[in-house]
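What follows is one structure encoded as structure tokens, with my remarks underneath.
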Amino acid sequence: MKLVTFSTQERIRKPGLLLGESREVLDLSGSYKSTLHALQSPDPVQPAGARFSLQDVRLHAPISNPPRIFAVGLNYRDHAMESGLEIPRFPVVFFKMTSAIIGPEESIVIPPETQEPDYEAELAVVIGKGGYRIAAGSAMDYVYGYTILNDVSARDIQFSTSQWSLSKSLPTFCPMGPAIVTREEIADPHQLQIQLSIHDEMLQNSNTSELIFSIPDLIAYISSLTPLLPGDVISTGTPSGVGFARKPKRWLRDGDQVTVSIEGLGSLRNPVCAG
């Protein structure tokens with residue numbers, strides 16, 4: 001299933017379900033549990049509820065206020081190589097603040113405090129049930145689903161200190177969406193094409209097979225130090241092709257249109273504007 005948060009002209013945010021290839025959104029706000037039960041039953045029935053054309057609704061971030069966003073640095077072999085850094089022995093984990101979250105088609109706003117705003121296409125994992133000291137062998141049981149995250153980063157702020165969270169958490173620096181794709185829809189999250197383009201120029205083009213620490217590795221490591229909570233998001237890192245590693249460097253600019261695409265999850269599009 002592909003679960004979304006949407007609004008219509010009423011501007012009330014509601015849970016919804018993207019229906020196959022029909023480009024429709026089913027309103028789940030009145031019958032969430034019964035609708036999901038109907039879809040998951042051995043003899044599924046047509047779910048009830050109001051339907052809207054995708055072009056008539058606004059999609060928001062599918063989860064707007066998770067307990068925490070754990071982000072992982074240097075977790076792709078190709079990205080570590082382009083950065084000129086050694087493969088890390090342990091996951092490099094930092095936080096992105098939830099106040100930075102925006103949804104599809106919302107603007108990434110570049111404030112005057114940074115002159116080096118960068119992009120990072122990432123596969124994000126949404127935790128379905130909490131746990132402490134989770135074994136890697138059972139870690140996937142704790143995954144609810146997956147979404148796309150763009151780990152927008154103020155590189156000049158990031159590289160001026162050893163602490164990354166503030167440079168990754170400026171307002172609008174966490175685009176997420178368009179949907180949470182539930183775990184059973186993705187056969188192998190470690191074999192997904194991941195790409196980022198600005199306008200029609202492909203800047204990142206890799207595969208999650210390049211991950212250094214797998215999703216079970218990350219869940220086991222993080223939960224060994226702090227209990228994971230339902231709704232926590234783990235953003236698994238970005239592949240090669242980021243702006244600071246290019247020659248010449250490619251920073252986000254006013255007027256850019258950024259698209260992150262991950263196989264099976266769709267595409268997350270955001271314009272860029274100066275703030």
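The values are calculated or read from the model by the stated rules, or taken from the named source; none is laboratory data. Computed from a predicted model, the values in this text were never measured in an experiment. Note that we place each Cβ from the backbone using ideal geometry, even for glycine, and neighbour counts take in every protein chain shown.
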Inset, instruction - Mind listing whichever residues of the range 180-210 are within 20 Å of residue 141 (Cα to Cα) and in contact (Cβ under 8 Å) with a residue 40 or more places away in the chain? - result: 180, 181, 182, 183, 185, 186, 189, 192, 208
Legend entry - Residue within the range 140-152 that is part of a helix (DSSP H, G or I) and polar (S, T, N, Q) present: no
Inset, instruction - Kindly check whether there is at least one residue in the range 217-224 that is among the acidic types (Asp, Glu), part of a helix (DSSP H, G or I) and either assigned by TED's automatic domain parsing to the domain that holds residue 74 or in contact with a strand residue (DSSP E or B) (Cβ under 6 Å, 6 or more places away or on another chain) (or both). - result: yes
Inset, instruction - Please state which of the following conditions residue 74 fails to meet, knowing it meets all the rest: (1) at pLDDT 95 or above; (2) of a type in the set (A, V, I, L, M, F, W, C); (3) touching a Pro at 6+ places or on another chain (Cβ under 9 Å); (4) under 19 Å from residue 244 (Cβ atoms). - result: (1)
Inset, instruction - Tell me which residues, restricted to the range 239-261, are in contact with a Phe, Trp or Tyr (Cβ under 9 Å, 6 or more places away or on another chain) and within 15 Å of residue 147 (Cβ to Cβ). - result: 260
Inset, instruction - Quick one: residue 272 ticks every box in (1) part of a strand (DSSP E or B); (2) within 21 Å of residue 5 (Cα to Cα) except a single one, so which number is it? - result: (2)
Inset, instruction - Please specify each residue of the range 121-141 satisfying the condition of being within 24 Å of residue 178 (Cβ to Cβ) and either at pLDDT below 95 or touching a Ser or Thr at 6+ places or on another chain (Cβ under 8 Å) (or both). - result: 121, 122, 123, 124, 125, 126
Inset, instruction - Residues being over 18 Å from residue 215 (Cα atoms) and surrounded by fewer than 18 Cβ atoms within 10 Å (Cβ to Cβ): count how many of those fall in the range 142-196. - result: 9
Legend entry - Some residue of the range 98-112 being in contact with a Phe, Trp or Tyr (Cβ under 9 Å, 6 or more places away or on another chain), in a loop (DSSP other than H, G, I, E, B), more than 25 Å from residue 249 (Cα to Cα) and at pLDDT 95 or above: no
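Can you pull out the residues in the range 55-65 that are buried (at least 21 other Cβ atoms within 10 Å of the Cβ) and either at positive phi or outside any strand (DSSP E or B) (or both)? Write out each step before concluding.
Narrowing the range 55-65 to residues buried (at least 21 other Cβ atoms within 10 Å of the Cβ): 59-63.
Scanning the range 55-65 gives 61, 62, 63.
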Inset, instruction - Can you tell me which residue among 139, 100 is under 17 Å from residue 213 (Cα atoms), under 20 Å from the mean Cα position of the chain (by Cα) and surrounded by fewer than 24 Cβ atoms within 10 Å (Cβ to Cβ)? - result: 139
Inset, instruction - Would you mind stating whether residue 82 is at pLDDT below 95 and either surrounded by 15 or more Cβ atoms within 10 Å (Cβ to Cβ) or among the aromatic types (Phe, Trp, Tyr) (or both)? - result: yes
Inset, instruction - Please tell me if residue 224 is modelled with pLDDT of 95 or more, touching a helix residue (DSSP H, G or I) at 6+ places or on another chain (Cβ under 9 Å) and either surrounded by fewer than 22 Cβ atoms within 10 Å (Cβ to Cβ) or farther than 27 Å from residue 17 by Cα (or both). - result: no
Inset, instruction - Looking only at the range 230-238, decide whether some residue is surrounded by 18 or more Cβ atoms within 10 Å (Cβ to Cβ), in contact with a Phe, Trp or Tyr (Cβ under 7 Å, 6 or more places away or on another chain) and in a helix (DSSP H, G or I). - result: no
